[in-house]
């Protein structure tokens, strides 16, 4: 999955092959409106960047994944309590929480 950002701060989540096609159009110098698989139209002249979905720091606990707070040493558990963690058990993963709705929108439109 790749993330397309526009100068108007819109963001589109697309599959890798779709991103590669858009990159090829940009590199050829063409200006056009492209219909994405999700159904949205994208003006290639408005594209600021095409890149990977940003990653965030997560802690893998017994009850699942928790987003690490900005201090890098604690999480909020399911009860809303701040808990200190071992930073060695943290890992950077795609920030699907932030882009989950965009991913769902793309997948649902592909099914129809």
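Every number in this text was worked out from the coordinates using simple rules, so none of it is lab data. Bear in mind the structure is a predicted one, so any value in this text is a computation, not a measurement. For neighbour counting, all protein chains shown are included, and Cβ atoms are generated from backbone atoms with ideal geometry for every residue, glycine included.
Points to keep in mind about this one:
- Prolate/oblate/rounded label for the range 2-52 (Cα gyration tensor, a/c 1.5): rounded
- With the convex hull of its Cα atoms as the shape, the range 55-94 has an orientation-averaged projected area of 2.6 nm².
- Taking label positions 7 Å along the Cα-Cβ direction at both residue 41 and residue 55, the computed distance is 3.8 nm, reported to one decimal.
- Peptides 25-35, 43-53 ranked from most to least packed by the mean count of surrounding Cβ atoms within 10 Å: 43-53, 25-35.
- Using the Cβ-Cβ distance between residue 33 and residue 67 with R0 = 30 Å, the FRET efficiency computed as 1/(1 + (r/R0)^6) comes to roughly 0.25.
- Packing-based ranking of 15-22, 79-86 yields 15-22, 79-86, ordered from highest to lowest mean Cβ neighbour count within 10 Å.
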